[in-house]
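The values are calculated or read from the model by the stated rules, or taken from the named source; none is laboratory data. None of these values were measured; they are calculated from a predicted model. FYI the Cβ positions are ideal-geometry reconstructions off the backbone, even for glycines, and counts take in every protein chain you see. Note: areas computed on protein heavy atoms with side chains; ligands, DNA, RNA excluded. Shrake-Rupley method; radii C 1.70, N 1.55, O 1.52, S 1.80 Å.
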Amino acid sequence: MYMDRVGASVESEVSSELARARILITGLTGVAGVDVARAFADLKGRLVVHTTDLSPELVELAALLTQSASEIRLHTLDISNADCAAKFAQTSAQTYGGLDAAINMASISTTEIEAVNADGDLEALIEAKLAPLAQLTRVIANRMCVVLSEGMVLNVLKMPEPQDRRTAAVAGFARTALAAMIANEAREWAGKGIRINGVGPRAFYDGGHSGAYLANEPDVATLALHLASRRGRSLSGHVFDAGGLDF
């Protein structure tokens, strides 16, 4: 199981620190974000989980999370646009009196990539994916400031591993836009102790590589735990490369 790998990398001090931590996870499905959710649930975190997936796999996952987490609240509201995302963030950030960390996930599908025929299509696609993440980030960070919680927000934008120039171009544009958003939000909240980071796609194909990258979802889960802990408090404004998170 993926969690064997994640669990083995988490030291006891991190486990103790994150016990009963208040964690928001958005964009969860029965097959995407599973390791991230289980990582925090297994540390007895108090979870606020958002999903629009009501598949049997998600129902089974929710049952597993309930057995592990200290508390869990499940929401299925539509947050696909910025306004809805902001309203949801306001509600979720108050569930346990505040949040210690938030992991927001968005996906670009193969079908969406194939539908891009012009620069305007690409810009509209990336705007549609990043606008809700930006609104979630701002409302959550503001709530953290109100309750004097030095928290962390991690925004994950995932898509299939590029196999051609077209997909690589989409990945490159998406990562650049994500990096700009993360940098702006990190600067905005730096003086208030709020850390904003991201995970974005690599724009390489045909075996091209450039430095270290997150290879799969267990790697993302490990990163999220690290950033939510005291050990990650010096990191903000970073975008970590991921290789094909189309899980």
All-but-one check, residue 142 against (1) crowded, with 20+ Cβ neighbours inside 10 Å; (2) more than 20 Å from residue 29 (Cβ to Cβ), failing number (1)
Matching residues in region 104-163 (more than 20 Å from residue 48 (Cβ to Cβ), among the charged types (D, E, K, R) and in contact with a Gly (Cβ under 6 Å, 6 or more places away or on another chain)) number 1
Restricted to region 26-42 and to residues being touching a residue at least 60 places away in the same chain (Cβ under 8 Å) and open to solvent by 10 Å² or more (accessible area, probe 1.4 Å), the residue nearest to the chain's Cα centre (by Cα) is 27
Exactly one of 72, 126, 79, 113 is aliphatic (A, V, I, L, M) and touching a Pro at 6+ places or on another chain (Cβ under 6 Å), and that one is 79
The lone condition residue 71 fails out of (1) free of Cβ contacts under 8 Å to residues at least 60 places away in the same chain; (2) touching a Phe, Trp or Tyr at 6+ places or on another chain (Cβ under 8 Å); (3) surrounded by 15 or more Cβ atoms within 10 Å (Cβ to Cβ) is (3)
Next on the checklist: Would you confirm whether or not region 162-181 contains a residue that is free of Cβ contacts under 8 Å to residues at least 40 places away in the same chain, hydroxyl-bearing (Ser, Thr, Tyr) and part of a helix (DSSP H, G or I)?
Outcome noted: yes
When (1) modelled with pLDDT of 90 or more; (2) open to solvent by 30 Å² or more (accessible area, probe 1.4 Å); (3) over 18 Å from the mean Cα position of the chain (by Cα) are applied to residue 15, the one that fails is (1)
Among 217, 150, 185, the single one that is in contact (Cβ under 8 Å) with a residue 12 or more places away in the chain, of a type in the set (D, E, K, R), farther than 22 Å from residue 110 by Cα and surrounded by 21 or more Cβ atoms within 10 Å (Cβ to Cβ) is 185
Residue count, region 49-73, condition within 18 Å of the chain's Cα centre (by Cα), modelled with pLDDT of 95 or more and assigned to a helix (DSSP H, G or I), comes to 1
Among 111, 29, the single one that is among the hydroxyl-bearing types (Ser, Thr, Tyr) and either assigned to a helix (DSSP H, G or I) or farther than 30 Å from residue 203 by Cα (or both) is 111
- Just to be sure, is residue 132 touching a strand residue (DSSP E or B) at 6+ places or on another chain (Cβ under 8 Å) and either under 30 Å from residue 90 (Cβ atoms) or in a helix (DSSP H, G or I) (or both)? yes
Exercise for the section: Confirm whether residue 23 is open to solvent by less than 50 Å² (accessible area, probe 1.4 Å), in a loop (DSSP other than H, G, I, E, B) and in contact with a Lys or Arg (Cβ under 9 Å, 6 or more places away or on another chain). Expected result: no
- request: Determine whether region 122-143 contains at least one residue that is closer than 22 Å to residue 42 by Cβ and of a type outside the set (A, V, I, L, M).
  value: no
